[in-house]
1. List the pairs whose first member sits in segment 112-123 and is closer than 16 Å to residue 196 by Cα, whose second member is assigned to a helix (DSSP H, G or I) and among the charged types (D, E, K, R), and whose Cβ atoms are under 6 Å apart, counting only residues at least 6 apart or on separate chains?
2. Got at least one residue in segment 127-140 being of a type outside the set (A, V, I, L, M, F, W, C), closer than 28 Å to residue 89 by Cα and free of Cβ contacts under 8 Å to residues at least 40 places away in the same chain?
3. Being in contact with a His (Cβ under 9 Å, 6 or more places away or on another chain) and more than 30 Å from residue 216 (Cβ to Cβ), is that true of even one residue in segment 182-196?
4. In the list 84, 89, 158, which residue meets the criterion of being surrounded by fewer than 18 Cβ atoms within 10 Å (Cβ to Cβ) and either under 30 Å from residue 214 (Cα atoms) or within 12 Å of the ligand (Cβ to nearest atom) (or both)?
5. What are the residues in segment 169-192 that are farther than 17 Å from residue 137 by Cβ, of a type outside the set (Lys, Arg) and part of a loop (DSSP other than H, G, I, E, B), if any?
6. Which one is surrounded by the most Cβ atoms within 10 Å (Cβ to Cβ), of the residues in segment 14-29 that are in contact (Cβ under 8 Å) with a residue 12 or more places away in the chain and more than 15 Å from residue 104 (Cα to Cα)?
7. Which one of these is over 15 Å from residue 57 (Cβ atoms) and within 13 Å of the ligand (Cβ to nearest atom): 120, 101?
8. It is to be established whether one or more residues within segment 27-46 are hydrophobic (A, V, I, L, M, F, W, C) and in a helix (DSSP H, G or I).
Amino acid sequence: MHRARKRFGQNFLQDSGVIYSIVAAINPSENMHVIEIGPGLGALTKPLLSSLDHLDLLEIDRDLVAYWNQENLKGLNIIEGDALKFDFLAWATTRPVNGGLCKVVGNLPYNISSPLLFHLVSAAHVIDEQVFMLQAEVVERMVSKAGGSEFSRLSVMLQARYDMELVLEVPPEAFDPQPKVNSAVVRMIPRRDFHLSDAQWHALEKVVAAAFSQRRKMLRTNLSVFSDRLALSDSELKARAQDISVERYIEWAKVLAT
Ligand code: SAM
């Protein structure tokens with residue numbers, strides 16, 4: 001029997017109702033190109049595979065990789081590796097999808113969720129959908145809108161690149177061992193209207209980081225280094241970072257990158 005490893009964020013899903021809802025949200029079908037990050041002992045893997053021709057698994061734990069190799073299930077391809085270093089762009093483009101969708105799914109280890117979400121941004125133009133279980137507090141920040149108390153750097157950066165929706169909230173009792181926090185499932189669809197160049201994305205990172213550097217301070221202070229290039233209105237100068245819309249940040253990034 002596999003003992004859950006804390007350092008790999010191993011909390012295995014047990015609740016069949018929750019598993020069913022997540023698989024329904026992923027909506028697998030035969031011609032899809034899907035990779036599951038962190039299959040663990042397969043709570044999502046087996047139900048997913050029953051509707052797919054082929055499923056790639058990416059797992060860091062060598063013992064679990066050995067377990068899956070031993071299972072030797074038809075259509076499964078197990079990759080041993082660290083999702084933070086994995087080349088999702090190459091993965092997405094190596095397999096013809098025949099008009100199907102390219103999806104990344106997983107009940108993610110919570111200790112790597114933010115860096116992993118940013119790592120995946122570089123492949124967003126070739127991925128159709130991501131469905132992830134994450135810490136509920138992170139999902140709240142991801143979907144929070146301008147003016148909301150949870151609206152943050154993470155909200156702006158991810159909403160600039162994805163349309164996102166909260167699918168399901170999941171209590172600790174759904175797992176074994178139980179995590180200390182609540183969880184939630186989020187769907188992320190790369191925005192079709194995203195046209196930022198690398199330089200503009202980089203400028204967005206900079207202006208958003210500066211704006212949120214001191215949440216209580218007005219933008220007059222936080223964005224003072226850009227004051228010669230950004231024409232902030234009087235009300236914007238007095239506003240705080242969390243009051244500014246994602247689209248306005250994008251406009252500023254475009255100005256700064258020219
Ligand atoms: N999918 C299973 C489930 O729902 O029961 C397991 C989920 S568990 C929260 C996270 C899984 O991700 C574990 O299998 C863990 O070994 C794996 N993992 C942890 N860090 C990883 C990384 N950097 N790259 C790939 N997999 C990782």
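Since every read-out is calculated from the coordinates, none of them should be taken as a lab result. Please read all numbers here as calculations on a predicted model, not as lab measurements. All Cβ positions, even for glycine, are placed from backbone atoms using ideal geometry, and neighbour counts span all protein chains on display.
1. 121/161
2. no
3. Yes, the conditions are met somewhere in segment 182-196.
4. Step by step, each of 84, 89, 158 is checked, and only 84 is surrounded by fewer than 18 Cβ atoms within 10 Å (Cβ to Cβ) and either under 30 Å from residue 214 (Cα atoms) or within 12 Å of the ligand (Cβ to nearest atom) (or both).
5. 177 - this is the single residue of segment 169-192 that is farther than 17 Å from residue 137 by Cβ, of a type outside the set (Lys, Arg) and part of a loop (DSSP other than H, G, I, E, B).
6. In this case the residue turns out to be 18.
7. Of 120, 101, the one residue that is over 15 Å from residue 57 (Cβ atoms) and within 13 Å of the ligand (Cβ to nearest atom) is 120.
8. No, there is no match, as no residue in segment 27-46 is hydrophobic (A, V, I, L, M, F, W, C) and in a helix (DSSP H, G or I).
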